[in-house]
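Asks: Quick one: the structure is below, questions incoming.
The values are calculated or read from the model by the stated rules, or taken from the named source; none is laboratory data. Owing to the predicted nature of the structure, the values given are computational and were not obtained by experimental measurement. Heads up, the Cβs are rebuilt from the backbone with ideal geometry, glycines too, and the neighbour counts pull from every protein chain shown.
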Amino acid sequence: MSEQFLSKVLQGLTRAGLVVSHRGNTGGFELPEANRGVTLLNVVQAIEGPVRLNLCLTPDHACSRQEWCPAHGVWGDAQEAMLGVLQGVSIGRLAEQVAARNGNSELTSAL
């Protein structure tokens, strides 16, 4: 991924309070221990905003056909499944998996 894209992602996560930015020669980004329980859904929403698989699932019900559309329920079920999967995985859990795969005993070395 490009440095510019990564910078925008990290800025969004910092604005959302999910990561902390440190300036200077030894600066960088940090995932505070208190935020290790943050889910992938939190991350995606911080960067992209509300997640919707289809326009008919927006809060303002933008689709006039949803009352009779046979696919509306399918989109709703798919939306629920996707949100459930993203809500069920924390950043801390992913970091632990990386640490284990790399043979690191300390979680902080993976972050």
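Asks: Among GLU67, GLU96, GLU80, which is assigned to a helix (DSSP H, G or I), among the charged types (D, E, K, R) and modelled with pLDDT under 90? Walk me through it before giving the result.
Replies: On the way: GLU67 fails: assigned to a helix (DSSP H, G or I); GLU80 fails: modelled with pLDDT under 90.
Matching residue, one of GLU67, GLU96, GLU80: GLU96.
Asks: Would you mind finding the one in VAL43, VAL19 that is in contact with a helix residue (DSSP H, G or I) (Cβ under 6 Å, 6 or more places away or on another chain) and hydrophobic (A, V, I, L, M, F, W, C)?
Replies: Numbers: VAL43 fails: in contact with a helix residue (DSSP H, G or I) (Cβ under 6 Å, 6 or more places away or on another chain).
Among VAL43, VAL19, only VAL19 is in contact with a helix residue (DSSP H, G or I) (Cβ under 6 Å, 6 or more places away or on another chain) and hydrophobic (A, V, I, L, M, F, W, C).
Asks: Looking only at residues that are closer than 24 Å to TRP75 by Cβ and hydroxyl-bearing (Ser, Thr, Tyr) in segment 17-58, which one is modelled with the highest pLDDT? Explain how you work it out, then say what you get.
Replies: First, the residues of segment 17-58 that are closer than 24 Å to TRP75 by Cβ: 39-58.
Cutting the leftovers down to hydroxyl-bearing (Ser, Thr, Tyr) gives us 39, 58.
On the way: THR39: 95, THR58: 81.
Step by step, filter segment 17-58, then rank; the result is THR39.
Asks: Hey, another quick one. Please list, ordered by first then second residue, the pairs with beta carbon atoms under 8 Å, 6 or more apart or interchain, first in segment 54-67 and under 16 Å from GLU80 (Cα atoms), second charged (D, E, K, R) and surrounded by 12 or more Cβ atoms within 10 Å (Cβ to Cβ).
Replies: If the second residue must be charged (D, E, K, R) and surrounded by 12 or more Cβ atoms within 10 Å (Cβ to Cβ), the pairs left are THR58/ARG52.
Asks: Taking segment 1-24, which residues are assigned to a helix (DSSP H, G or I) and under 12 Å from the mean Cα position of the chain (by Cα)? Step through it out loud before you land on a result.
Replies: First, pick out the residues of segment 1-24 that are assigned to a helix (DSSP H, G or I): 3-15.
Answer for segment 1-24, where residues must be assigned to a helix (DSSP H, G or I) and under 12 Å from the mean Cα position of the chain (by Cα): VAL9, LEU10, GLY12, LEU13.
Asks: Additional query: For segment 54-75, give me each residue that is under 28 Å from LEU18 (Cα atoms) and surrounded by 15 or more Cβ atoms within 10 Å (Cβ to Cβ).
Replies: ASN54, LEU57
Asks: Has segment 30-46 got at least one residue that is in a helix (DSSP H, G or I), free of Cβ contacts under 8 Å to residues at least 12 places away in the same chain and more than 21 Å from VAL20 (Cβ to Cβ)?
Replies: No: segment 30-46 contains no residue that is in a helix (DSSP H, G or I), free of Cβ contacts under 8 Å to residues at least 12 places away in the same chain and more than 21 Å from VAL20 (Cβ to Cβ).
Asks: Could you grab me the full set of residues in segment 1-44 that are among the hydroxyl-bearing types (Ser, Thr, Tyr) and surrounded by 16 or more Cβ atoms within 10 Å (Cβ to Cβ)? Full working, then the answer.
Replies: Keep residues of segment 1-44 that are among the hydroxyl-bearing types (Ser, Thr, Tyr), which gives 2, 7, 14, 21, 26, 39.
Matches in segment 1-44: THR39 only.
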